[in-house]
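Shown next, in structure tokens, is the structure this report addresses.
What follows draws every value from the coordinates through simple rules; no lab data is involved. None of these values were measured; they are calculated from a predicted model. Quick reminder, even Gly has a Cβ in these numbers, built from the backbone with ideal geometry, and neighbours come from all protein chains shown.
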Amino acid sequence: QVQLVESGGGLVQTGGSLRLSCAASGRIGSINSMGWYRQAPGKQREMVAAITSGGSTNYVDSVKGRFTISRDNAKNTVYLQMNSLKPEDTAVYYCNANIWSMTGFYKNDYWGQGTQVTVSS
């Protein structure tokens, strides 16, 4: 089994910063892409940021210049540094990882349990 455990959410004022972490553990062969998604009440889940195993990154337009995704391959951990937070960033943030099995025969997408980020105006 593979688990993704997130941490770092909370309540912050407009303009503040938060750092999310997500650690993958369990029967992991290797990790391809890792990323962060978010879902606000009444809205669909959207991709916020993603990073490949080689370090290439991709962001949704609304967070470019404010959020930074990074990963520590030795720790199987992905981070999301969120600066200049806005009320519209309020959502449940989910970690995602595409992981090869230890046998190398298949890969799956795994999700964390979600962490709440609330930005007050």
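Calculated FRET efficiency, THR14 and GLU46, Cβ-Cβ r, R0 22 Å, to nearest 0.05?
Working: r = 20 Å, r/R0 = 0.93.
Taking R0 as 22 Å, the efficiency between THR14 and GLU46 is 0.60.
Can you compute the charge dipole magnitude of the stretch 1-118 about its Cα centre, using +1 on each Lys and Arg Cβ and -1 on each Asp and Glu Cβ, nothing else charged? Give it in debye, rounded to the nearest 20.
80 debye
Can you return the lysines within cross-link range of LYS43? Criterion is Cα-Cα under 24 Å, with same-chain partners fewer than 8 residues away left out.
Correct list for LYS43: LYS64, LYS86.
Return the equivalent ellipsoid semi-axes of the chain as a descending list in whole Å, where each equals the square root of 5 times an eigenvalue of the C-alpha gyration tensor.
Numbers: eigenvalues 135, 37, 30 Å².
Output for the chain: semi-axes of 26, 14, 12 Å.
Counting only residues 5 or more places away or on other chains, whose amide H sits under 5 Å from the amide H of ASN32 once H atoms are built in the peptide plane?
ASN98, ILE99, TRP100
Which distance in Å, rounded to a whole number, links the C-alpha centroids of the stretch 17-31 and the stretch 38-63?
About 16 Å separates the Cα centre of the stretch 17-31 from the one of the stretch 38-63.
Relative contact order (percent) for the stretch 19-90, with alpha-carbon contacts under 8 angstrom and 6 or more residues of separation? Intermediate values should be presented prior to the final figure.
Numbers: 105 pairs, mean separation 24.0, N = 72.
Relative contact order, the stretch 19-90: 33 percent.
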